[in-house]
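Throughout, read-outs are computed from the coordinates displayed, never taken from laboratory work. Just so we're clear, the structure is a prediction, and the values are computed from it rather than from any experiment. When we count neighbours, we look across all protein chains shown, and the Cβ atoms used for this are built from the backbone with ideal geometry, even at glycine.
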Amino acid sequence: MSFFYVKALHIIFVVTWFAGLFYIVRLFIYYAEADEKPEPEKSILQQQLALMQKRLWYGITWPSAVLTLIFGLTMLYLYGSIPGWLIWKLCFVVGLYIYHFLCHRIFRQQQHGILKYTPTQLRIWNEVATLFLISIVFLVVLKSSLSMLWGILGLILFSAILMLAIRIYKRVRESSKS
């Protein structure tokens with residue numbers, strides 16, 4: 001019975017972690033877009049966005065990432081064995097933590113007023129979390145390496161469609177500015 005409580009808590013913190021990851025990158029995008037505004041609008045927006053980033057990152061995203069790890073490791077211990085699909089899932093989870101740390105680097109840069117990425121680059125970066133989410137959910141639900149292969153092929157197709165959609169969105173935005 002305790003396994004199911006731990007599993008429920010794990011899922012809750014996975015959801016809040018992903019919510020934080022999705023929203024923090026949107027805030028990165030807005031911060032980068034604010035850099036194109038005239039003063040004093042630029043400073044006002046960037047100050048507010050930096051504060052929002054800080055509250056989200058340290059108040060929700062980091063705690064959720066840590067609690068996801070704690071409850072995930074507890075579930076792994078209670079599960080007792082590691083089936084093949086779980087090894088693949090854990091590989092994607094490691095990738096997701098790498099993504100999280102890279103987001104932390106962008107967060108720290110923007111907190112210091114350093115902009116290394118354009119809004120378009122950040123929009124593409126925002127979709128990386130989506131790819132991890134899809135991969136992990138398919139593996140957990142289907143629990144099959146063959147299904148994972150089909151899932152990866154679908155993921156590649158989905159990625160291509162996302163990149164195309166981002167390019168179209170960029171062109172539409174640029175044409176509406178004219």
- [ ] Could I have the simple spin-label model distance between Ile152 and Ile11, label points 7 Å from Cα toward Cβ, reported in nm to one decimal?
- [x] 2.7 nm
Open item on the list: Please give the charge dipole size of segment 2-177, origin at the Cα centre, charges +1 on K and R Cβ atoms and -1 on D and E Cβ atoms. Round to the nearest 20 debye.
Closed with: 80 debye
- [ ] Using only Cα atoms, find the angle between the long axis of helix 145-177 and the longest principal axis of the chain, and express it within 0 to 90 degrees, rounded to the nearest 10.
- [x] 10 degrees
Open item on the list: Can you compute the helix-only [θ] at 222 nm over the chain? Use -39500 (n - 2.57) per DSSP H run of at least 4 residues, normalise by all residues, nearest 500 deg cm²/dmol.
Closed with: -30500 deg cm²/dmol
Task: Derived scalar couplings ³J(HN,Hα) [segment 53-59; Karplus, 6.51 cos²θ - 1.76 cosθ + 1.60; whole Hz; x for Gly, Pro] - done: 4, 4, 5, 5, 5, 8, x
Open item on the list: Based only on other Cβ atoms within 10 Å, what is the fewest-to-most ordering of Lys42, Lys177?
Closed with: Lys177, Lys42
Task: Furthest towards positive pole of dipole, Thr118, Leu90, Ile60, structure part segment 39-178, Cβ charges - done: Thr118
TODO: Using 0.36 nm per residue of separation minus the Cα-Cα distance, give me the extension gain between Lys143 and Met163 in nm, one decimal.
DONE: 4.4 nm
